[in-house]
Amino acid sequence: MIYQRSSALFEEAYQYIPGGVNSPVRAFKSVGGVPVFMKSAKGAYLTDEDNRTYIDYINSWGPAILGHTHPEVLEALKLQAEKGFSFGTPTELETEIAKLIVENVPNIDQIRMVSSGTEACMSAIRLARGYTGRDKIIKFEGCYHGHSDSFLIQAGSGAATFGNPNSPGVTQGTAKDTLLAEYNNFEQVEELFRLNPGQIAAIIVEPIAGNMGCILPENYFLQNLRKICDENGAILILDEVMTGFRLAFGGAQEALGIKADLVTFGKVIGGGLPVGAFAGRNEIMNYLSPRGDVYQAGTLSGNPLAMRAGLKTLQLIQQDPDFYTKINKTAETLDFEMSKILNEKGIQHRINRKGSMMSLFFNATSVSNFTEVKNSNISLFNNFFHQLLDQGIYLPPSGYETWFVSAAIGDKEIDKTLEAVRNFQY
Ligand code: PMP
């Protein structure tokens, strides 16, 4: 397939933007070929610059849970835009969205809005450090918590895709305070607490890991993390940037029955506009500036357009009591039927899925940590990706990423996707 206009646009972008993209995974470096330039999106579909349409399984990497450009969100945004783009003052709207979230997400009393998931996670560990008076944090290999320095140690997402999970530019001084363990390996966490007594401020974890592909917690992993944090006075930070409002309205805390001390959000909470947030109980959140001394701020934090898109998105989800049942069912059908087709073709694979988050690994065994992810057949994934792309199915352009199903994807789209999988030749 020739992606004529995308090729020309990429060539031009390459001259002015590092690597031609503003976020690395978009560059198709892992899967090869030219990234497809999109010009519009509506419901389940993206339209590229060559006027081809695609069923979208990225959904802006998670935010577009309702599908793209939902008419009611669009209308709310138009009305809000008429009133002004940014005031740099408090607004009633900020309290409205904060109240909705605090009343519906377990174990939080206050929430602070920021502009990205990176900022949310960066601020959450600063707060955890300020609250506990300790320096070290534990993160897990293949988990991604944004690109702030402390997290670019064995990081997932683009960092994993490009084989540089430890970025140059992160100082030794910063790196030494980030302790690493394998996802789903609680013994390693116990060992870290033994070796660093009284020094660990927090564990940060993706409750369903989504940045090395989709990996589910096993053997009471999260419950054990909860317990060891309690025993050692450490803070458990659940990074719900992907899972928040996606697994359930109360996120992974609700869906998996796990209690966090701090929660970070992004993606769905902004309805497609740049938003992140972090939240927790009063006891911890009161340490935050201006009430407390832990500093954190943002020129566009709580931006009225972003708050309006987020609020409307959350309200639309909340109004539909079957919302999660329906998108989870769609994802389950895709999971089950795709697996059936691949089995008929004799292709070894594993599909990991929780609710509407899923990944396909070409792997003969189960996949439950970063090492096992890296053992999967990436060149087969790349081939699969391109054959589906050519048939109008847009998957994440990396075998290390999660697919997100939106509420706009229905039977017609699933049938077309399965047809494309049936046509896959390897
Ligand atoms: N945490 C998780 C779990 C994420 O998936 C991401 C982004 N994919 C981030 C943090 C960072 O969010 P952002 O890209 O908005 O900075």
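Since every read-out is calculated from the coordinates, none of them should be taken as a lab result. As the structure is a prediction and not an experimental result, all values here were calculated from the model. Every residue, glycine as well, gets a Cβ built from its backbone with ideal geometry; the counts of neighbours run over all protein chains shown.
Observations on the structure shown:
- Filter on Lys29/Lys329; Lys78/Lys267; Lys39/Lys259; Lys99/Lys136; Lys176/Lys259 - keep pairs with C-alpha separation over 30 Å: Lys29/Lys329; Lys39/Lys259; Lys99/Lys136
- Cα centroids of the stretch 202-267 and the stretch 1-33: 34 Å apart.
- For the stretch 419-426, 3J(HN,Hα) computed residue by residue from phi via the Karplus equation (6.51, -1.76, 1.60; θ = phi - 60°) reads 4, 5, 5, 4, 6, 4, 10, 9 Hz, glycine and proline entered as x.
- Taking other C-beta atoms within 10 angstrom as a stand-in for reagent exposure, Arg246, Arg112 fall in the order Arg112, Arg246, fewest first.
- Relative contact order (%) - criterion: Cα under 8 Å, at least six apart; region: the stretch 71-319: 30 percent
- Ellipticity estimate at 222 nm from DSSP helix runs (n ≥ 4, -39,500 (n - 2.57)) divided over the chain, nearest 500: -11500 deg cm²/dmol
- As a rough footprinting exposure proxy, the listed residues Glu283, Glu332 were ranked by other beta carbons within 10 Å of their own, and the order from fewest upward is Glu283, Glu332.
- For Arg281, distant residues with modelled amide H under 5 Å away: Asp109
- Just checking the listed ones, Gly302, Gly142, Gly198: in the Gaussian network model of the chain with Cα springs under 10 Å, the one fluctuating most is Gly198.
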